[in-house]
Amino acid sequence: MVEPWRIYLDTLHLDAHEAQAAAWARDEAVRQRAHDAYRATADALTAQGWAADDALLLTRGFGQDVLNWLDHGAPGPEDLRQRLEARWKAWTQRDAR
């Protein structure tokens with residue numbers, strides 16, 4: 001199974017050209033893609049048998065990570081990857097309790 005953060009990031013599909021665009025253009029493109037990634041990831045997770053509430057909660061969190069990343073000047077795709085992966089790790093640790 002592909003980890004949810006990877007599904008989200010792959011669907012978000014940021015490229016180098018967008019990362020170098022003017023901040024307002026980049027932010028708008030990323031926000032739209034984040035919405036699409038939210039829906040696609042939630043759909044993929046529920047298709048894998050996740051409860052809809054859990055799928056929506058996790059993917060909303062990924063969206064918050066994207067907004068936070070943009071608010072901090074979008075320091076680079078690796079920073080975003082780390083944020084998404086950290087959320088997933090925290091999620092899995094929560095379930096392990």
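The values are calculated or read from the model by the stated rules, or taken from the named source; none is laboratory data. Bear in mind the structure is a predicted one, so any value in this text is a computation, not a measurement. Note that we place each Cβ from the backbone using ideal geometry, even for glycine, and neighbour counts take in every protein chain shown.
Let's see how each residue does on (1) at pLDDT 90 or above; (2) surrounded by 12 or more Cβ atoms within 10 Å (Cβ to Cβ); (3) among the aliphatic types (A, V, I, L, M):
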position	(1), (2), (3)
ALA22	no, no, yes
ASP27	no, yes, no
ARG33	no, yes, no
ALA37	yes, yes, yes
ALA42	yes, yes, yes
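The number of residues in region 45-71 that are aliphatic (A, V, I, L, M) and either touching a strand residue (DSSP E or B) at 6+ places or on another chain (Cβ under 9 Å) or closer than 18 Å to ARG81 by Cβ (or both) comes to 4. Selection of region 67-82 for residues being under 17 Å from GLU3 (Cα atoms) and either of a type in the set (Val, Ile, Thr) or surrounded by fewer than 18 Cβ atoms within 10 Å (Cβ to Cβ) (or both) yields GLU78, ARG81, GLN82. The set of residues in region 61-97 that are of a type in the set (A, V, I, L, M), modelled with pLDDT of 95 or more and in contact with an Asp or Glu (Cβ under 9 Å, 6 or more places away or on another chain) comprises LEU84, ALA86.
Residue count for region 44-66 under the criterion of being exposed (fewer than 14 other Cβ atoms within 10 Å of the Cβ) and either among the basic types (Lys, Arg) or assigned to a helix (DSSP H, G or I) (or both): the result is 6.
Quickly run through region 75-96 and pick out the residues that are part of a helix (DSSP H, G or I), of a type outside the set (D, E, K, R) and either under 21 Å from ASP54 (Cα atoms) or without any contact (Cβ under 8 Å) to a residue 60 or more places away in the chain (or both). Walk me through it before giving the result.
To start, the set of residues in region 75-96 that are part of a helix (DSSP H, G or I) comprises 77-96.
Those still in the list that are of a type outside the set (D, E, K, R) too: 77, 80, 82, 84, 86, 88, 90-93, 96.
Of everything in region 75-96, those that are part of a helix (DSSP H, G or I), of a type outside the set (D, E, K, R) and either under 21 Å from ASP54 (Cα atoms) or without any contact (Cβ under 8 Å) to a residue 60 or more places away in the chain (or both) turn out to be GLN82, LEU84, ALA86, TRP88, ALA90, TRP91, THR92, GLN93, ALA96.
Looking across region 1-17, the residues that are of a type outside the set (A, V, I, L, M, F, W, C), in a helix (DSSP H, G or I) and either at pLDDT 85 or above or under 23 Å from ALA86 (Cβ atoms) (or both) come down to PRO4, ARG6, TYR8, ASP10, THR11. Might you check whether a residue that is free of Cβ contacts under 8 Å to residues at least 24 places away in the same chain and of a type in the set (Asp, Glu) occurs anywhere in region 44-57? Among the residues of region 44-57, at least one is free of Cβ contacts under 8 Å to residues at least 24 places away in the same chain and of a type in the set (Asp, Glu), which makes the answer yes.
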